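The values are calculated or read from the model by the stated rules, or taken from the named source; none is laboratory data. Only a predicted model underlies this, so the values are computations on that prediction, with no experimental measurement involved. Glycine also receives a Cβ, built like all others from the backbone with ideal geometry; neighbour counts cover every protein chain displayed. Side chains included, ligands, DNA and RNA excluded: accessible areas come from the protein's heavy atoms. Shrake-Rupley method; radii C 1.70, N 1.55, O 1.52, S 1.80 Å.
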Amino acid sequence: MAKKPVTTRSGRFFRLAGMTASVAGQYAGQRARRIFRSEEDDEGARSESYTRMADQIVDTLGELKGAVMKVGQIASQTQDFLPREFSDALERLQKEAPPMPFEVIVGQVESELGKPVSELFEYLQEKPYAAASIGQVHRARLHDGTDVIVKVQYPGVDESCDSDLKQLRMALKLGGLLRMPKEHVDQLFGEIRVRLKEELDYENEARNLELFQAFHANDDWIVIPKVFESHSSRRVLTMELVEGDHISEVTPEKYDQDTINLIGHRIFTMMADQLFRYQCIHGDPHAGNFAYRPDGTIILYDFGCVKKLKPEIVEAYRNALISALEEDYAALDQHLIALGARVESQPAVDEAYYAMWRDILIQPFRSDTPYDFADSELHKHVAAKTTTVFKYLDYFKPPVESIFIDRMIAGHYWMMKRLGVQAAFREELEKYLRQTPD
């Protein structure tokens, strides 16, 4: 029997508090039993315990949706934030969330827009067009015949944001899952909170849509939906229906390799323009927020998570990339300090450590020969070296100002891989690294 949706702040608190108590109990039990185990047995038992705790936390986050689920999605892309077992389980939150009952959605629309659904729309389709962490999307038609999609925020999500984050952080701490100093955790959760507060404000998203339409006004190959302000509010956002193919529908029958490569170059241009020219990035680059057309058009959805970057952060990022390409690791060390990724009080990092990561991450930019993203194992090489991070755990910290840049790049890498792009980006990258902002 399905559980009743949790739509009140107190209901969310008690569900999360129960999860926290259970996780804390499991962790305490695991520590107590460790006394009687060998090191090898202890490693296996700890992994099994982490997996059990992660499954419980992930199930609760998926059920509650909202801020905690969004944090889970971010954490799954920040591999040094949590143990591998937890990151693996969190990847489930990247999939579509189970939908909220339609009567809850209708109640939210009518409460926000102040009119019955029948007066607002010719129809509002009951089956969700998409379901996500903080809201649900439904197809609809305005009375003038315009086809639209209506993004509706789940009730109770915004009021519960702060308490949700506090409870999740406590669960991770009591479960022995946070592996960073308190100061770094404070910075990371502070940044996530700011982005979430923005994402929970659909009026802010409407402004972001207009901003990115202006950014890409001359890019006729990028389509960004128009907002209908008359049918929008802080928790309801109505946009024109702009359809394209989901990445799973980009098949050889509809898209030849030249078109896929063209899309790959356009994805790179779009990403680099946002980072280096506009200094403002689309910070939620998972597959569901993009669609494609056989003429090479790219459609962008969901502008709730937008990160405006400080010019000095973009400059530090640019300089770090230049130093890495030129194998100037002393300079790279200094630029990472400027970026906020390296603890300044610690001595310089061994250049061989930087060289190892540089040799892995440079692969798509090694030469002017096209790189085949479909066959790329770059992510596997990164995963294989993650244990080396522990040697320098005190030297690095979460780069709070640039964490969404890293998230954007990782998201675009996975899109290139799933699309099967074959392209060389070295020349394009160097062009952006040597240009100044508009």
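Okay, residues lined up against (1) open to solvent by 50 Å² or more (accessible area, probe 1.4 Å); (2) closer than 30 Å to L209 by Cα; (3) in contact with a helix residue (DSSP H, G or I) (Cβ under 8 Å, 6 or more places away or on another chain); (4) at pLDDT below 95:
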{"residue": "L262", "(1), (2), (3), (4)": "yes, yes, no, no"}
{"residue": "L275", "(1), (2), (3), (4)": "no, yes, yes, no"}
{"residue": "G283", "(1), (2), (3), (4)": "no, yes, yes, yes"}
{"residue": "P294", "(1), (2), (3), (4)": "yes, yes, yes, no"}
{"residue": "T297", "(1), (2), (3), (4)": "no, yes, no, no"}
{"residue": "W357", "(1), (2), (3), (4)": "no, no, no, yes"}
{"residue": "P364", "(1), (2), (3), (4)": "no, no, yes, yes"}
{"residue": "Y371", "(1), (2), (3), (4)": "no, no, yes, no"}
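Filter region 409-438 down to the residues that are in contact with a Pro (Cβ under 6 Å, 6 or more places away or on another chain) and under 19 Å from Y255 (Cβ atoms) and list them by number. If the condition is that a residue be in contact with a Pro (Cβ under 6 Å, 6 or more places away or on another chain) and under 19 Å from Y255 (Cβ atoms), then H412, Q422, A423 are the ones that fit.
Would you say T369 is in a loop (DSSP other than H, G, I, E, B), over 23 Å from the mean Cα position of the chain (by Cα) and among the hydroxyl-bearing types (S, T, Y)? Taking the combined requirement at face value, the residue satisfies it. Looking across region 262-319, the residues that are assigned to a loop (DSSP other than H, G, I, E, B) and either of a type in the set (A, V, I, L, M) or over 23 Å from V400 (Cα atoms) (or both) come down to R293, P294, D295, G296, T297, Y301, L309.
Sub-7 Å Cβ pairs linking a first residue in region 238-259 that is free of Cβ contacts under 8 Å to residues at least 60 places away in the same chain to a second residue that is among the small types (G, A, S) and in a loop (DSSP other than H, G, I, E, B), at least 6 apart or interchain, are T259/G296, ordered by first then second residue. When V421 is tested against the conditions (1) touching a helix residue (DSSP H, G or I) at 6+ places or on another chain (Cβ under 9 Å); (2) without any contact (Cβ under 8 Å) to a residue 12 or more places away in the chain, the lone failure is (2). Within 29 Å of A272 (Cα to Cα), modelled with pLDDT under 90, open to solvent by less than 20 Å² (accessible area, probe 1.4 Å) and of a type in the set (V, I, T), is that true of I192? Taking the combined requirement at face value, the residue satisfies it. Scanning region 299-340 for residues that are closer than 20 Å to R434 by Cβ, touching a Cys at 6+ places or on another chain (Cβ under 9 Å) and open to solvent by 20 Å² or more (accessible area, probe 1.4 Å) yields a count of 0. Picking from residues in region 373-388 that are outside any helix (DSSP H, G or I) and open to solvent by 50 Å² or more (accessible area, probe 1.4 Å), the one that is nearest to I409 (Cα to Cα) is E377. If only residues of region 242-260 that are farther than 16 Å from I222 by Cα and not in a helix (DSSP H, G or I) are counted, the one that is most open to solvent (accessible area, probe 1.4 Å) is E253.
For region 131-140, the criterion of a residue being over 25 Å from the mean Cα position of the chain (by Cα) and either at pLDDT 95 or above or buried (at least 21 other Cβ atoms within 10 Å of the Cβ) (or both) is satisfied by at least one position. Could you go through region 211-226 and let me know if any residue there is hydrophobic (A, V, I, L, M, F, W, C) and open to solvent by less than 10 Å² (accessible area, probe 1.4 Å). Yes, because at least one residue in region 211-226 is hydrophobic (A, V, I, L, M, F, W, C) and open to solvent by less than 10 Å² (accessible area, probe 1.4 Å). In region 320-354, the qualifying residues are those that are of a type in the set (D, E, K, R) and part of a helix (DSSP H, G or I), and the one that is farthest from the chain's Cα centre (by Cα) is E351. Looking across region 396-438, the residues that are under 30 Å from G190 (Cβ atoms) and among the small types (G, A, S) come down to S402, A410, G411.
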